[in-house]
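Any read-out appearing in this document is the output of simple, stated calculations on the displayed coordinates, not a laboratory observation. As the structure is a computational prediction, the values presented were derived from the model and not from experiment. Please note: Cβ atoms are built from the backbone with ideal geometry, for glycine as well, and neighbour counts cover all protein chains shown.
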Amino acid sequence: MAEEFYTNNFELEEQWSDYGIGDPYVLRYNGRYYLYPSTKDGFPGVRVWVSEDLVNWSYAGYATEEPVTTTAYAPEVVYSNGKFYMYTSPAGNGHYVLTSNSPLGPFELQTDNFGMTIDGSVFIDDDGQWYFTHAGTQGIIGHAMHDPLNVSPAGRTLNAYLGHWTEGSTIFKREGTYYMTYTGNHVFSPGYRINYSFATDEPLGSYITPRNNPIIINTTDNFFGLGHNSIVLGPNLDAYYIVYHNLVGRSMAGPPVRKMNIDRMAFNGKKLVVLGPTYFPQPVPELPDYFTWIDEEGWNEWLIYERDQQILALSPA
């Protein structure tokens, strides 16, 4: 099979007109990818797209249409114990949590607005402890969480700082090291960029900012204003990818117009590098040699052979 390629500046079906895809968050669940971007100013609901390879996306409708999601900025979705949790900030004014039994929704409101500025992001450590980070004027601020719906008010300013306002944080863990990426300083700046720091002690610990920063920046060739990313494991369960937006311009109504991009990441010891940013053809993320899944609604169409409570085989009914 001939190698396939993609080029950044994605145009997705049903993306917001005169707004595009900004603050793209991608969840990997059950072998598929789910994309949740920011909502166009003044409109309710969070739209969702689905992909198997991070490149070819299908529109799946609204994950929620709750009124509190009007102008929903930077929605993120995490999965835990059979439940999906969405965290989002209406026009940057605090945060709400919504839950669903499916990544496609419908997500229903569970909390009041608990504040904490904008761009809330959740990380669940291997021991089951939850953490919440958000934007701040002196750097990213981190909080422990009592449970998925309650964030401790006591916060800690982390060593994740871009000179002033710093936003768009996300944490992931690889080989015992915690990596945090973050963005600054202004979404309309051509120099909007992504930095990273890492810690070896704990998710809200002693972050070190390496010299190979920023990891994503470009101010020329009509490809600029790069930022607010998410990070996800690729289809082959080996490569990591960074998903971010670029600035196209300002809409007639005022908000930014943006497009989505993905690039592969790599590691050199504890240093993180991005093989980009790119705006020229790149190989489509590699699929695994073998994969299969069965959607929950399809179980009644299969015969399940089991012994001692162990599934031995599946076959069409």
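Here are some notes:
- Computed FRET value (nearest 0.05) for T177 with D18, which takes r as the C-beta separation and R₀ as 41 Å: 0.50
- Between D23, D126, D201, the residue with the greatest mean-square fluctuation in the GNM of the chain (Cα pairs under 10 Å linked by springs) is D126.
- Straight-line cross-link partners of K83 among the aspartates and glutamates, defined as a Cα under 12 Å from its Cα and at least 8 positions apart when in the same chain: E108.
- This model, with +1 at the C-beta of Lys and Arg and -1 at the C-beta of Asp and Glu, gives the stretch 123-202 a dipole about its Cα centre of some 380 debye.
- Rounded if a/c under 1.5, otherwise prolate or oblate - the stretch 89-139, Cα gyration tensor axes: oblate
- Counted by Cβ distance under 9 Å from T71, the other residues give a net charge of 0, where Lys and Arg count +1 and Asp and Glu count -1.
- Centre separation in Å (Cα based) which lies between the stretch 101-121 and the stretch 171-234: 23 Å
- Among T220, T166, T137: highest mean-square fluctuation, GNM of the chain, C-alpha pairs under 10 Å: T220
- Within straight-line reach of K271, meaning a Cα separation under 20 Å, sit the following aspartates and glutamates at least 8 residues removed in sequence or on another chain: E175, D201, E202, D238, D263.
- Cα gyration tensor shape of the stretch 5-290, rounded if a/c is under 1.5, else prolate or oblate by comparing a/b with b/c: rounded
- Sequence of V50, V77, V274 once ranked by neighbouring C-beta atoms within 10 Å, starting from the fewest: V50, V274, V77
- Each of L109, T177, H146 was placed along the dipole of the stretch 80-224 (beta-carbon charges, centred on the mean Cα), and the one lying farthest toward the positive end is T177.
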